[in-house]
Amino acid sequence: MKMDSQKQVELAGQPHLDRQRVPHHVAIIMDGNGRWAQSRHLPRVAGHQQGMQTVKKVTIAASDLGIKVLTLYAFSTENWKRPTAEVKFLMQLPIRFFNTFVPDLVAHNVRVMVMGDTAKLPDGTQNAVQGALDATKNCTGMILNFALNYGSRDEIVRATQKIAKQVAAGALAPEAITEEFISQEMMTASLGQFADPEVIIRTSGEERLSNFMLWQAAYSEFVFVDEHWPDFDGESLKQALAVFQSRHRRFGGLKNK
Ligand code: FPP
């Protein structure tokens, strides 16, 4: 991908990516679509439309880097509070995305997965998601994990209810509820050893988690970038991962060597 000169100037003197040490699981809070559009005097949904193109670019870039899991926060349990027309548009995006992009995903050996309360999505959206899950189920490369109608507190409530039912039925001793046991009840359980993202990137300069992967983020590094999501690209991803690599992860210990 050719970088524009503005980006080359911005990246001068920034850390470089070591391709031998790319994180296995990268999660992204794709923020700033609305502001990107408004700054161009466009309707907010134009930002979401452009954001979808960014999803395509970043998916291929992440797959090319050898990332194992790319989780993208596409729609939160709180996003239903937005105006009806915007919610409707956001619900159409997975349909448009999968209708046009599944062949590219298969060509790059990318497997689609989803986490969230997808049963509450409109039928057309659910069908598109199911079609993508089916079409890519034999792909063995990167997992593209969409958080769709996902909320971390909702995830934790559901896990707790399931565990409490087992205890109430006498099938589980409270002492058997370990961290590993709880992880198995989370929506990331199917990601196995890659369930926890090493790095969470948020675009648009906002610095908060917004109900995203609260359990899984216990030891994640956070990288906040100023670009709005529609401006983010493969170079931005590499730059964010280089920042991640420059951190010293200690996991509560004293050093990471
Ligand atoms: C946050 O920006 C973005 C969203 C709530 C939607 C994210 C969705 C996409 C990027 C497209 C998803 C694509 C697929 C394939 C599902 P915002 O609207 O909150 O921006 P703002 O903070 O500037 O208003």
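Only the coordinates and a few stated rules stand behind these numbers; no lab work does. Remember, predicted model here, so these are calculated numbers, not experimental data. Positions of Cβ are generated from backbone atoms using ideal geometry, with glycine treated the same way; all protein chains shown enter the neighbour counts.
Listed values, structure above:
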{"item": "Footprinting exposure proxy for R82, R19 (fewest neighbouring C-beta atoms within 10 Å first)", "result": "R19, R82"}
{"item": "Relative contact order of the chain, pairs being alpha-carbon contacts under 8 Å that are 6 or more residues apart, as %", "result": "29"}
{"item": "Cα→Cβ-extended label distance, 7 Å offset, between T84 and H41, nm", "result": "3.0"}
{"item": "Where trypsin sites (Lys or Arg not before Pro) fall in DSSP loop in region 148-210, at most 14 other Cβ within 10 Å", "result": "R208"}
{"item": "Summed residue charge, Cβ within 13 Å of W229's Cβ, Lys/Arg positive, Asp/Glu negative", "result": "-1"}
{"item": "Alpha-carbon gyration tensor eigenvalues x 5, square-rooted, for region 101-212, Å", "result": "28, 18, 16"}
{"item": "Ellipsoid equivalent to the chain - semi-axes via the Cα gyration tensor, in Å", "result": "29, 24, 18"}
{"item": "M30 long-range amide H proximity, modeled H, under 5 Å", "result": "Y73"}
{"item": "Karplus 3J(HN,Hα) series, Hz, for region 229-239 with 6.51 cos²θ - 1.76 cosθ + 1.60 (x for Gly, Pro)", "result": "3, x, 8, 5, 8, x, 5, 4, 4, 4, 5"}
{"item": "Least to most buried among W36, W215 (fewest other Cβ within 10 Å first)", "result": "W215, W36"}
{"item": "Relative contact order [Cα under 8 Å, 6+ residues apart], region 136-257, whole percent", "result": "21"}
{"item": "Relative packing of peptides 105-114, 175-184, 23-32 - highest average C-beta neighbours within 10 Å first", "result": "23-32, 105-114, 175-184"}
{"item": "Alpha-carbon centroid distance for the pair region 117-156 / region 57-100, whole angstrom", "result": "10"}
{"item": "Amide H contacts under 5 Å for R111, placed H, 5+ residues apart", "result": "G141, M142, I143, L144"}
{"item": "Residues whose placed amide H lies under 5 Å from that of F222, excluding near-sequence neighbours", "result": "I200"}
{"item": "Compactness of region 1-147 - radius of gyration and Dmax, Cα, Å", "result": "16.4, 49"}
{"item": "Cα→Cβ-extended label distance, 7 Å offset, between F181 and D226, nm", "result": "4.9"}
{"item": "Value of [θ]222 nm, deg cm²/dmol, for the chain, DSSP H segments ≥ 4, -39500 (n - 2.57) each, nearest 500", "result": "-13500 deg cm²/dmol"}
{"item": "Of K68/K165; K120/K165; K57/K120; K120/K162, those spanning more than 26 Å from alpha-carbon to alpha-carbon", "result": "K68/K165; K57/K120"}
{"item": "Proxy reagent accessibility, fewest Cβ within 10 Å first, across K68, K137, K57", "result": "K137, K57, K68"}
{"item": "Antiparallel bridges, percent of DSSP beta bridges restricted to the chain (to nearest 5)", "result": "0"}
